[in-house]
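Down below is the structure, laid out as structure tokens.
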Amino acid sequence: MIFFELIKNQEEHDFVASLYNQYSKLMLSAANRILNDKTLAEDAVQISFERIINYLHRIKRVSADRIKAY
């Protein structure tokens, strides 16, 4: 994934990888239901993870049970 190149250190890389492994399928499914286009859904998930990385400092402070809402 291209967005992994945006990550500054190993701790952040591991955190984002964990989020990706846990939520990417759910996000892709939701995006595909909304967009009805697999390629657009994949792009939406990619862009979402780019934004997650940009706001990683905030997301890391959110409790694990609330991260899904983000």
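The values are calculated or read from the model by the stated rules, or taken from the named source; none is laboratory data. Since we're looking at a predicted model, the values are computed, not measured. Note that we place each Cβ from the backbone using ideal geometry, even for glycine, and neighbour counts take in every protein chain shown. The area values use the complete protein model at the heavy-atom level, side chains included, leaving out ligands, DNA and RNA. Shrake-Rupley method; radii C 1.70, N 1.55, O 1.52, S 1.80 Å.
Per-structure values
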{"item": "Helical contribution to [θ] at 222 nm, DSSP H n ≥ 4, -39,500 (n - 2.57), averaged over the chain, rounded to 500", "result": "-23000 deg cm²/dmol"}
{"item": "Estimated dipole of the chain in Debye, rounded to 20 [Cβ of Lys and Arg +1, of Asp and Glu -1, Cα centre]", "result": "340 debye"}
{"item": "Exposure ranking of Leu56, Leu26 by accessible area [1.4 Å probe, largest first]", "result": "Leu26, Leu56"}
{"item": "For the chain, the spread of Cα positions along each principal axis, largest first, Å", "result": "34, 27, 17"}
{"item": "Relative contact order %, the chain, counting alpha carbon pairs below 8 Å whose residues are six or more apart", "result": "35 percent"}
{"item": "For Lys38, solvent-accessible area (1.4 Å; no DNA, RNA or ligand), Å²", "result": "140 Å²"}
{"item": "Cross-link reach list, lysines versus Lys60, counting only Cα pairs under 19 Å and skipping chain neighbours closer than eight places", "result": "Lys8, Lys68"}
